[in-house]
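Heads up, the thing below is written out as structure tokens.
Coordinate-derived values only; no laboratory data. Everything numeric in this text was worked out from a predicted model, so none of it was measured. With ideal geometry, Cβ positions are generated from the backbone for all residues, glycine too; neighbour counts draw on all protein chains shown.
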Amino acid sequence: MKWIILALGIGSNAAASVLVKLAMLAPRKFPSPSDPMAALMNWPFWLGLALYGAAFLLYAAALARLPLNVAHPVLTSGAIATVALSSVLIFREPFHWTTGAGIGFILTGVILLTMRVA
């Protein structure tokens, strides 16, 4: 169950990042007091903000079940790798070999961190 909670936290965090990026692309505008209706109509921004909140709650729940030195690096690195892949698939951003190598190093690090935690 602890790993499911952590995986949901990674998914929430990554989805929030993707939605906030989507919210900043034209024709949408960054929420501002000068144009409150645009801010209210920018649903990806608000959904992203809610998912960041959900990610924080899931992270707190994971901390109740896992050591901090495992939960934090796994959540952070998992979100980084997921966002890197999502940016290529969703936004067609470039994927360089260094990105792939970085994700490989991240996965190696996560495996090494979690080998002794069952």
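What the table shows:
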quantity	calculated
Normalised per residue, the volume of the convex hull around the Cα set of segment 7-49 (Å³)	50 Å³
Exposure proxy ranking, count of Cβ atoms within 10 Å, fewest first, for 86, 77	86, 77
Magnitude of the charge dipole, the chain, Cβ model with Lys/Arg +1 and Asp/Glu -1, debye to 20	160 debye
Whole-Å distance, taken between Cα centres, linking segment 18-51 and segment 102-118	35 Å
